[in-house]
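Visitor: Before I ask anything, here is the structure I am working with.
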Amino acid sequence: MNELTLHPHVYATGQSTGLISILERLWLREQSLGDGTFYIVSGFANYNGGVRFFPVFKHHIERGGRIVAVFSGSTRQALTSRQVVREMLECGADVHIINRKRLMHAKSYGTQNSQGQMLVVTSGNFTGPGMSQNVEMAVLLDRPTTHGLGFSWEQMISQMLAQRWDFYRPSLNEPAAPVWQLLYDEEAATIVLDDTDKVTMILKLSHADTARIVAEPGPKAGKGTQYFWLSKDCYDFFPPLTILNKKGYKATYSVLVQMNYVDLQLMEESRVTFEAENNLDFRLGTGPLRYTKLADRDDIAAITRVGEYRYELRLYKKATAKYNTLAPYAVNFIGHQGKQYGFMTNQDFEVAIGEKTGSPLLT
């Protein structure tokens, strides 16, 4: 069945809720791993754009499948990152880089296998924003539809690669090859957070978030790791999740950020983890809040991104004036227990709480 979605959580004609959901259908629910080829065509690409699917790609190739990806590159613009290309190559993908952004604005994803062709035509790039909080439309064309159109992934890619464009094929064995100069470093110290990414997550806390915060020292209730469980749509809210957990059987990807616990007047390194092969949730380690009694169920945590790796966390008790101002922004649900979240610009957040964000790092 064909589907159309407008995300984040705006409109959908079928069961899929957005581009990530459509790609899960495409590469998981209606696909036998190892059968045929996955295709990715995108002008922009970064690590968090693919972090949901890297384990899927690895399993697909390990079982005999192929992956072909075509991205754009530039020496002057941040189009495709070295991190995502390296990870795709580690998976075993065949990656092509077109020099110059102006040559390719197409974004499409799909499969070609023994059952036919599936095609996603979308405005969403293979990036964290393209997969989550950007307003993007995606149309999935199923196998009967692509057959009726006479569409062929193999022919389309072959004809793209036959153009007189400036193509490169990166290899892990040639780290000094010119193609790597067309790719930007997501983890470079010189990366400056774009103003559009300076947003605040408004998170209504659940029992699972706060049980260890309200616990007394000693009892079992306070044991275990203290986390805030976040939305599945946080691909663009955090830096590249390039720390791969090599323990256990299921892949998790993490990043370390500097968190200013404003209520504690404490700056501490916090770990953000994405469980790519388990429940697909993002978790934010908030260990300093254990036993503090600073937050209970249904209170609000406001997590503000003020730099590429810098965040601030503020807590607001339910039924207070600031809580009542912030709560309407938590419009999206997480799971089926009534937990909610949403985003607002840092500028609007500052007006709502009556104070500035982005204070200097605490010592």
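Visitor: Output the number of residues of the range 139-166 satisfying the condition of being in contact with a strand residue (DSSP E or B) (Cβ under 6 Å, 6 or more places away or on another chain) and closer than 18 Å to Ser74 by Cα.
Guide: Of the residues in that region, 2 qualify.
This table checks each residue for (1) in the same structural domain as Gln115 (by TED's automatic domain parsing); (2) acidic (Asp, Glu); (3) farther than 30 Å from Lys293 by Cα; (4) in contact with a Leu (Cβ under 8 Å, 6 or more places away or on another chain).
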{"position": "Glu154", "(1), (2), (3), (4)": "yes, yes, yes, no"}
{"position": "Ala162", "(1), (2), (3), (4)": "yes, no, yes, no"}
{"position": "Pro170", "(1), (2), (3), (4)": "yes, no, yes, yes"}
{"position": "Glu187", "(1), (2), (3), (4)": "no, yes, yes, no"}
{"position": "Leu205", "(1), (2), (3), (4)": "no, no, no, no"}
{"position": "Ala211", "(1), (2), (3), (4)": "no, no, no, no"}
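Visitor: Right, here's the next one. Looking only at the range 157-185, count how many residues are over 26 Å from the mean Cα position of the chain (by Cα), acidic (Asp, Glu) and more than 15 Å from Met104 (Cα to Cα).
Guide: Number satisfying all stated conditions: 1.
Visitor: Got a sec? Which strands (runs of 3 or more DSSP E) wholly within the range 218-334 have at least 1 residues that are touching a His at 6+ places or on another chain (Cβ under 7 Å) and not assigned by TED's automatic domain parsing to the domain that holds Glu24?
Guide: Working: elements: 227-230, 252-261, 266-275, 282-285, 300-305, 310-316, 332-334.
Output list reads 332-334.
Visitor: Restricting to the range 274-327, name every residue that is of a type outside the set (Asp, Glu) and touching a Pro at 6+ places or on another chain (Cβ under 9 Å).
Guide: Within the range 274-327, the subset of a type outside the set (Asp, Glu) is 274, 276, 278-280, 282-295, 297, 300-307, 309-311, 313-327.
Of everything in the range 274-327, those that are of a type outside the set (Asp, Glu) and touching a Pro at 6+ places or on another chain (Cβ under 9 Å) turn out to be Ala276, Arg290, Tyr291, Tyr309.
Visitor: Can you tell me which residue in the range 280-297 is nearest to Tyr341 (Cα to Cα), limited to those that are touching a Ser or Thr at 6+ places or on another chain (Cβ under 8 Å) and in contact (Cβ under 8 Å) with a residue 60 or more places away in the chain?
Guide: Arg297
Visitor: Out of the residues in the range 308-362 meeting the condition of being out of contact with any helix residue (DSSP H, G or I) (no Cβ under 9 Å at 6 or more places or on another chain), more than 30 Å from Thr17 (Cβ to Cβ) and touching a residue at least 60 places away in the same chain (Cβ under 8 Å), tell me which one is surrounded by the most Cβ atoms within 10 Å (Cβ to Cβ).
Guide: Ranking the candidates gives Leu362 first.
Visitor: On to the next question. Looking only at the range 1-25, which residues are of a type in the set (A, V, I, L, M, F, W, C), farther than 12 Å from Val121 by Cα and crowded, with 20+ Cβ neighbours inside 10 Å?
Guide: If the condition is that a residue be of a type in the set (A, V, I, L, M, F, W, C), farther than 12 Å from Val121 by Cα and crowded, with 20+ Cβ neighbours inside 10 Å, then Ile20 is the only one that fits.
Listed here are the residues, each with its yes/no results for (1) charged (D, E, K, R); (2) closer than 18 Å to Thr292 by Cβ; (3) within 15 Å of the chain's Cα centre (by Cα); (4) at pLDDT below 95.
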| position | (1), (2), (3), (4) |
| --- | --- |
| Lys232 | yes, no, yes, yes |
| Pro240 | no, no, yes, no |
| Lys247 | yes, no, no, yes |
| Lys250 | yes, no, no, yes |
| Ser254 | no, no, yes, no |
| Gln258 | no, no, no, no |
| Val262 | no, yes, no, no |
| Leu266 | no, yes, no, no |
| Arg271 | yes, no, no, no |
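Visitor: Which residues, taken from the range 267-312, are over 24 Å from Met344 (Cβ atoms) and among the hydrophobic types (A, V, I, L, M, F, W, C)?
Guide: First pass over the range 267-312, keeping only residues over 24 Å from Met344 (Cβ atoms): 268-269, 271, 273, 275-280, 287-288, 290-293.
Of everything in the range 267-312, those that are over 24 Å from Met344 (Cβ atoms) and among the hydrophobic types (A, V, I, L, M, F, W, C) turn out to be Ala276, Leu280.
Visitor: Quick one: His147 ticks every box in (1) closer than 24 Å to Asn2 by Cα; (2) within 16 Å of the chain's Cα centre (by Cα) except a single one, so which number is it?
Guide: Failing condition for His147: (2).
Visitor: Out of the range 35-50, which residues are more than 15 Å from Val121 (Cβ to Cβ) and within 17 Å of the chain's Cα centre (by Cα)? Full working, then the answer.
Guide: So the first thing to find is which residues in the range 35-50 are more than 15 Å from Val121 (Cβ to Cβ), and the list is 35-38, 44-50.
Hits for the range 35-50 are Phe44, Ala45, Asn46, Tyr47, Asn48, Gly49, Gly50.
Visitor: Turning to a different aspect of this structure: Go through the residues of the range 146-155 one by one and say whether even a single one is modelled with pLDDT of 95 or more, surrounded by 23 or more Cβ atoms within 10 Å (Cβ to Cβ), polar (S, T, N, Q) and farther than 25 Å from Arg29 by Cβ.
Guide: No, the range 146-155 contains no residue that is modelled with pLDDT of 95 or more, surrounded by 23 or more Cβ atoms within 10 Å (Cβ to Cβ), polar (S, T, N, Q) and farther than 25 Å from Arg29 by Cβ.
Visitor: Taking Asp209 as meeting all but one of (1) assigned to a helix (DSSP H, G or I); (2) acidic (Asp, Glu); (3) within 30 Å of Glu30 (Cα to Cα), write down the number of the exception.
Guide: So Asp209 meets the others, but not (3).
Visitor: Give Phe53, Phe71, Phe44, Phe57 a once-over and let me know the one that is at pLDDT 95 or above, more than 16 Å from Gly110 (Cα to Cα) and surrounded by 15 or more Cβ atoms within 10 Å (Cβ to Cβ).
Guide: From the options Phe53, Phe71, Phe44, Phe57, the qualifying one is Phe44.
Visitor: Condition check: among the hydroxyl-bearing types (Ser, Thr, Tyr), within 20 Å of the chain's Cα centre (by Cα) and either at pLDDT 95 or above or surrounded by fewer than 18 Cβ atoms within 10 Å (Cβ to Cβ) (or both). Does Ser32 satisfy that? Before the answer, list the steps.
Guide: Numbers: among the hydroxyl-bearing types (Ser, Thr, Tyr): yes; within 20 Å of the chain's Cα centre (by Cα): no; either at pLDDT 95 or above or surrounded by fewer than 18 Cβ atoms within 10 Å (Cβ to Cβ) (or both): yes.
Criteria not met by Ser32.
Visitor: So which of Phe228, Phe274, Phe237 is of a type outside the set (Gly, Ala, Ser) and in contact with an Asp or Glu (Cβ under 6 Å, 6 or more places away or on another chain)?
Guide: Details: Phe274 fails: in contact with an Asp or Glu (Cβ under 6 Å, 6 or more places away or on another chain); Phe237 fails: in contact with an Asp or Glu (Cβ under 6 Å, 6 or more places away or on another chain).
None of the other options fit; the residue is Phe228.
The values are calculated or read from the model by the stated rules, or taken from the named source; none is laboratory data. Quick caveat: nothing in here was measured; it's all calculated off a predicted structure. Cβ atoms come from the backbone with ideal geometry, glycine included; neighbour counts cover every protein chain shown.
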